[in-house]
Amino acid sequence: MIGYLLRERRSGGDCVVVRAAKCALIAAATAAFSGGSWAGEPDVTGKELYERHCVRCHGARGEGVPDKCADPLGGSQSLADLVQIVDETMPEDDPSQCTGEDARKVAQYIFESFYAPEAEERTRQARIELSRLTVRQYHNAVADLVGRFLRDGTLDERRGLRAEYFSGRGFQRDKRAIERVDGVVDFEFGEGSPNSAVIAPGEFSARWQGSVIADSTGDYEFSIQTENGARLWVNDLQQPLIDAWVQSGTDDDHRATIRLLGGRVYPLRLEFSRSKEKTASIHLRWQPPRDALAVIPRRHLVPDSFPPVFVVNTDFPPDDSSAGYERGTTISKSWDQAKTYAAVEIANKVVANIASLAGCKDDAPDRKERLVDFCHRFAQRAFRRPLSDEQKQFFVERHFEGEEELNVAVKNAVLLVLLSPRFLYLGIAGNQVDDYDIASRISFALWDSLPDSALLQAAERGELRTPDAVANQARRMLADPRARSKVRYFLHHWLNIAHVDDLSKDNTQFPGFDGAVAADLRESLDLFLDHIVWSDRADFRELLLADYWFVNRRLASFYGAEPPEDDGFVRVPRDSRQHAGLLTHPYLMARYAYHKTSSPIHRGVFIVRGQLGRFLKPPPEAVTPLDEGFNPDLTTRQRVALQTKPAACQTCHAMINPLGFAFEHFDAVGRVRTDEKKSPIDASGSYTTASGSVVTFAGARDLAEFLAASEETHRCFVGQLFHHVVKQPAAAFGKDELDHLTAAFVASEFNVQDLLVEIAKTTALQANDQESTIESQ
Amino acid sequence: MRQKTRRAFMRDLGLSAAATPFVWGLAARGSEATAPRRQRLVILFSPNGVVPWNFWPKEVGEQFTLPEILTPLQPFQKRVLTLHGICNRVRGDGDSHMRGMSCLLTGIELFPGNIQGGSDTPAGWASGISIDHEIGSFLQGREETKTRFASLEFGVVVPPRADPWTRMVYAGPNKPIAPIDDPYQMLRKLYGRLQDQASLSAILDDVQEDLRKVRDVVSAADRRVLEENETFVRELELELRAASQDQTQRQAPELDGDVKNVNDNIPTLSRMQLDLLVNSFVNDFTRVATVQYTNSVGQARMRWLGIDEAHHELSHNADSDTASQEKLTRINQWFCQQLAYLLEKLASTPEPGGEGTLLDNTVVVWTNELGKGNSHTLDNIPFVLAGNGLGFRMGRSLKYDKVPHNRLWLAVAHAFGHRLETFGKPELCGGGPLHDLT
């Protein structure tokens, strides 16, 4: 009963009272059976009192008993409150039976054993928890929910923008002199014309059309640099993002910012016009989130115009990442406000674009029917399942009854859908996981988004009930950009580089290492990750062992490699005795380093936590690293060893330091060095495995060989991928879920794509109560 | 709780327009108790010059007859001030229409640029801020005159292109501001959040019902999150209710259904915009507004006056073309009627929380980018002031001797307590604020 009463104090509600009364009868019967008052037994413990009198309704660990008091005992009341509640209200039929010392004992037992949040956390069994959409899932779901009412775009291999050049300023068809595809828009026409054979010097105009691919989610600043007139549209071909048609004064760099979602393609158009200005030039540039301003590279431009993407601009509070991955198991007032604002934002945009979304002109004679139909489909897609007649009435049709302004009806229906838990939460089906739940689990796992039509149709036909069927769908879905985007999202979190804002280094020590090099490095790492993960073998070990990387001209010149012929990135070999895949990639080496010096501690922690999955306690006290000037003759290795010498430090640093030292051949920008402070580099290290054997290595390459073959690394990678993908504790899917997946991973020659498919397979069909998986029905 | 028609719902919800700040931060901001009297400025623009002999009073001083174009101002003659001899002396790049427009409220040259007019060298945007934004940001800088918007820019059928002929308001150098010529868009800007609140209020009961249904099918352990969610929704509902109960008498205007943004609807659109303007003053959303009819070189065809020709084309015809001059006189008289409509609304609306009417605390400046259409002169720019908001001595016809218009804007700024040394091009500010106004 306690659980109900406490909950009632928080939120009220009629059904609670009714069910509380039912529990009271059972409590009374229990009390009668036990033969009288509880008082007067000085030696009895709280546990004994609980087991004797409370367990039948509340369960052995307060977990609740179905049909009695189903709610678990747990909450945030203080012990004093709990004592008072037991004293005054328990048992309900005769609260005087348990008062004073007895009430205190029972309450204390309940509190310490399972009621308090910490106790609950300790004893709770892992289970699939009801989760709201994470921020990433919300954004993607909305983009797909609205976007599916528009035509689809298909991304192929072609890159660059469709270009048309006109003599004269008017874009007149009969004055079109050149049609071609431009890889980038980065032109200095000077006093001449794009091609003097067909366009005389003087007035001319040009138009580029196509789409732009965004890799990461966030604010993109676009820039058009020109001394002439130009206009740029991005994602909205009606309203220009930048209107610099009027050239005025010395303003020649026009910028504007727009929020884009990663892994999606946005329509883009650029118009240019030269009138009487002496010279002509145009440069189309952007600054993606956490990146440098640069000409938009060819690989991000597409000659086809894609439909616009629906991007929510409302800011959401960050998701809870305390478990090591973003999950939606808690809500807050600020989340509630954000989802309300977002729903209003979306509803307004839907109404503003209703003609194109519903495919229905404002003066269509059957407009009402069409809008009702649109709302039905909108709700079905948002809820990821068909609507019952009752639901159609509740969510849609009621809003149209007696409503003169159809747009108001649409807005209300859309708002109600977007604020419904059926849209906002995953796994509200209770224990009965059905075909549509399976579809949602697959799509949210692989895409962080709604199921597409093919998946929903398979659900409708009951074709998702076997592991093989799920695997087939998963394989199909891996080819989608949304899967690529999600995998990249995971890899960035795995490498702890999702939120690197600044990689700047000491200018005098590392001249030339600027924002552009840092941005190139990130691009280079992404290309490397994509190259391996999306290759046929998708071999995890290659991530750690590959003896090549990707460079453009700038990186080649800074890091000393053969410069590529064009502006793009090319794959070049690295010395395999020294280098090891992403582990020695300069981006990570620079990320895990200080302003001037390498940081063996950061590098070591990255290996311990990120690769080996070992647990580290936080440092016992905050310690300022010893300054380089402390003893200028010491090498970094010597300095770190000296600072972490105390026994209190060594409990963890005995593991961290020797792993970090293995990277000492790489300085703070990831360049190879052979000596430091005139001493040759000592990159020897060691590691004691979880099972107690000691491994030694002579440097990064050695360490990488060990990691690539280590079961600890495999299990750690599998666990992290699992949690970022599924966003539920692995144990909720069975005690041996990770063992099983790790074994499958090894058996597939460490194929990352196969692992994703296997995760989808084993989780999609899991029942919520984890008693049984869904059998073929 | 079902939602009503837009009109009914605006009527109901306009009531809470000036309610205390709520989650959406909607209401006016100034504190009424301590504030000095509100002062307001409206600048009303019509294009293509006037017919001088039908526009300027012959007499100087308090005894003057309103010429034909100004006859609609008769009821307000005691509150009108005509200023002859004010000139736009800004030179530099751009043709007269461009400079007439983009230097009108800025008083400073255009940047060199790529826009070629009918003559002269090509030009870009104005190189300074316009007087409405200057005063608006001055008022925003003081707690007692702060409002929701620093200024509002209304338009009536402004062509959908951005160039120095279509922009007179500037937030700063190279920062032209587009007027909003769609009254529904302006309504959304002013009241959109109230509409959102209404929609939310209408469905929050349903959201809770839905949450309860779902709560019953999930496991006991998962119920906690949904209960928490319900609590938040209930809190939001209470906040919305509190906001709508905190009502004042201030109403949003009722807008007629779908009025298309086209030439023939100019009279209706004009009324709608002026109604919204007065309404935004009543609710103290702003103290500064501009109204731009079409654009410089505007081509309104006033068929409702029986005039089929386009305005700018007519304005090029010779003085001796009496038929054209008669039409231009009627066109300008129509603009003057719009001014009179605005004055009438202001004069019949009590000052909220204060004494007198809105017109007692407002000055409307009616102006134009040219003195005369066929000569394209920037001398004798039409400036007709009305209302008592700035402490000027009204009910007079004044004549000046080629005074730069910068000095008029200085005088207006000073009347707001904004004691600028110069405004726009400093060389044109000699002599300081325009004399003889008070």
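The values are calculated or read from the model by the stated rules, or taken from the named source; none is laboratory data. Just so we're clear, the structure is a prediction, and the values are computed from it rather than from any experiment. All Cβ positions, even for glycine, are placed from backbone atoms using ideal geometry, and neighbour counts span all protein chains on display.
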* In region B:153-175, the residues that are free of Cβ contacts under 8 Å to residues at least 60 places away in the same chain and closer than 25 Å to B:Arg40 by Cβ -> B:Ala171, B:Gly172, B:Lys175
* **Residue in region B:197-208 that is surrounded by the fewest Cβ atoms within 10 Å (Cβ to Cβ), counting only those that are facing chain A (nearest Cβ under 8 Å) and more than 40 Å from the chain's Cα centre (by Cα)** => B:Asp206
* If you check A:Phe550 against the conditions, is it buried (at least 16 other Cβ atoms within 10 Å of the Cβ) and under 20 Å from A:Met589 (Cβ atoms)? -> yes
* Asked: Looking at (1) in a helix (DSSP H, G or I); (2) surrounded by fewer than 22 Cβ atoms within 10 Å (Cβ to Cβ); (3) free of Cβ contacts under 8 Å to residues at least 40 places away in the same chain, which is the only condition A:Met477 fails?
  -> (2)
* State whether one or more residues within region A:110-121 are in a helix (DSSP H, G or I), modelled with pLDDT of 75 or more, touching an Asp or Glu at 6+ places or on another chain (Cβ under 8 Å) and aromatic (Phe, Trp, Tyr). => yes
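Residue-by-condition table, conditions (1) part of a loop (DSSP other than H, G, I, E, B); (2) touching a Lys or Arg at 6+ places or on another chain (Cβ under 9 Å):
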| residue | (1), (2) |
| --- | --- |
| B:Asp360 | no, yes |
| B:Ser375 | yes, no |
| B:Ile381 | yes, no |
| B:Val384 | no, no |
| B:Met394 | yes, yes |
| B:Lys399 | no, no |
| B:Trp409 | no, no |
* Members of region A:604-653 that are farther than 26 Å from A:Phe697 by Cα, loosely packed, with under 11 Cβ neighbours inside 10 Å and among the charged types (D, E, K, R) -> A:Glu621, A:Asp627
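Within region A:274-286, identify whether any single residue is away from chain B (no Cβ under 14 Å) and within 27 Å of the chain's Cα centre (by Cα), and answer yes or no.
Initial filter on region A:274-286 (away from chain B (no Cβ under 14 Å)): A:283-286.
Filter once more, so that each one left must be within 27 Å of the chain's Cα centre (by Cα): A:285-286.
Yes: region A:274-286 contains one or more residues that are away from chain B (no Cβ under 14 Å) and within 27 Å of the chain's Cα centre (by Cα).
Among the candidates A:Arg290, A:Arg259, A:Arg299, single out the residue that is of a type in the set (Lys, Arg), over 22 Å from A:Asp567 (Cα atoms), surrounded by fewer than 19 Cβ atoms within 10 Å (Cβ to Cβ) and within 29 Å of the chain's Cα centre (by Cα). Write out each step before concluding.
Working: A:Arg290 fails: over 22 Å from A:Asp567 (Cα atoms); A:Arg299 fails: over 22 Å from A:Asp567 (Cα atoms).
Step by step, each of A:Arg290, A:Arg259, A:Arg299 is checked, and only A:Arg259 is of a type in the set (Lys, Arg), over 22 Å from A:Asp567 (Cα atoms), surrounded by fewer than 19 Cβ atoms within 10 Å (Cβ to Cβ) and within 29 Å of the chain's Cα centre (by Cα).
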* The listed residue being modelled with pLDDT of 95 or more and acidic (Asp, Glu), out of B:Glu351, B:Glu344, B:Glu355 -> B:Glu344
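One line per residue, one yes/no per condition, for (1) within 12 Å of chain B (Cβ to nearest Cβ); (2) at pLDDT below 90:
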{"residue": "A:Pro307", "(1), (2)": "no, no"}
{"residue": "A:Thr330", "(1), (2)": "yes, yes"}
{"residue": "A:Asp336", "(1), (2)": "yes, no"}
{"residue": "A:Glu345", "(1), (2)": "yes, no"}
{"residue": "A:Gly359", "(1), (2)": "no, no"}
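Considering only region A:204-277, give the strands (runs of 3 or more DSSP E) lying wholly within it that have at least 1 residues that are more than 24 Å from B:Thr166 (Cβ to Cβ). If you could, list the steps in order and put the result at the bottom.
Details: elements: A:204-214, A:218-225, A:229-234, A:242-244, A:253-260, A:264-274.
It comes to A:204-214, A:218-225, A:253-260, A:264-274.
Does region A:541-568 hold any residues that are in a helix (DSSP H, G or I) and either among the aromatic types (Phe, Trp, Tyr) or touching a helix residue (DSSP H, G or I) at 6+ places or on another chain (Cβ under 9 Å) (or both), and which are they? Reasoning before the result, please.
Start the filter on region A:541-568 by keeping residues that are in a helix (DSSP H, G or I), which leaves A:541-545, A:553-559.
Result: A:Arg541, A:Glu542, A:Leu543, A:Leu544, A:Leu545, A:Arg554, A:Leu555, A:Phe558, A:Tyr559.
Among strands (runs of 3 or more DSSP E) lying entirely in region B:83-171, which contain 1 or more residues that are more than 11 Å from every other protein chain (Cβ to nearest Cβ), within 18 Å of the chain's Cα centre (by Cα) and within 30 Å of B:Asp264 (Cβ to Cβ)? Spell out how you get there, then give the answer.
On the way: elements: B:110-115, B:123-126, B:152-156.
Strands (runs of 3 or more DSSP E) meeting the threshold: B:152-156.
Of all residues in region A:624-644, which are touching a residue at least 40 places away in the same chain (Cβ under 8 Å) and assigned to a loop (DSSP other than H, G, I, E, B)?
First pass over region A:624-644, keeping only residues touching a residue at least 40 places away in the same chain (Cβ under 8 Å): A:632-637, A:640, A:644.
Correct list: A:Pro632, A:Asp633, A:Leu634, A:Thr635, A:Thr644.
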* Hey, any hits in region A:402-410 for a residue that's among the hydrophobic types (A, V, I, L, M, F, W, C), over 24 Å from B:Glu230 (Cβ atoms), surrounded by fewer than 21 Cβ atoms within 10 Å (Cβ to Cβ) and modelled with pLDDT under 95? -> yes
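Kindly indicate the residue of region A:403-426 that is in a loop (DSSP other than H, G, I, E, B) and touching a helix residue (DSSP H, G or I) at 6+ places or on another chain (Cβ under 7 Å) and also farthest from the other protein chains (Cβ to nearest Cβ) among those meeting that condition. Give the derivation first.
As a first pass, look at region A:403-426 and keep what is in a loop (DSSP other than H, G, I, E, B): A:403-405, A:419-420.
Next, from what is left, pick out any that are touching a helix residue (DSSP H, G or I) at 6+ places or on another chain (Cβ under 7 Å): A:403, A:405, A:419-420.
On the way: A:Glu403: 7, A:Glu405: 5, A:Leu419: 5, A:Ser420: 5 Å.
Here the answer is A:Glu403.
Quick check on region B:353-373. Is at least one of its residues under 16 Å from the mean Cα position of the chain (by Cα) and either among the aromatic types (Phe, Trp, Tyr) or farther than 30 Å from B:Ala411 by Cα (or both)?
To start, the set of residues in region B:353-373 that are under 16 Å from the mean Cα position of the chain (by Cα) comprises B:358-359, B:361-368.
Next, from what is left, pick out any that are either among the aromatic types (Phe, Trp, Tyr) or farther than 30 Å from B:Ala411 by Cα (or both): B:366.
Looking for residues that are under 16 Å from the mean Cα position of the chain (by Cα) and either among the aromatic types (Phe, Trp, Tyr) or farther than 30 Å from B:Ala411 by Cα (or both), one finds at least one in region B:353-373, hence yes.
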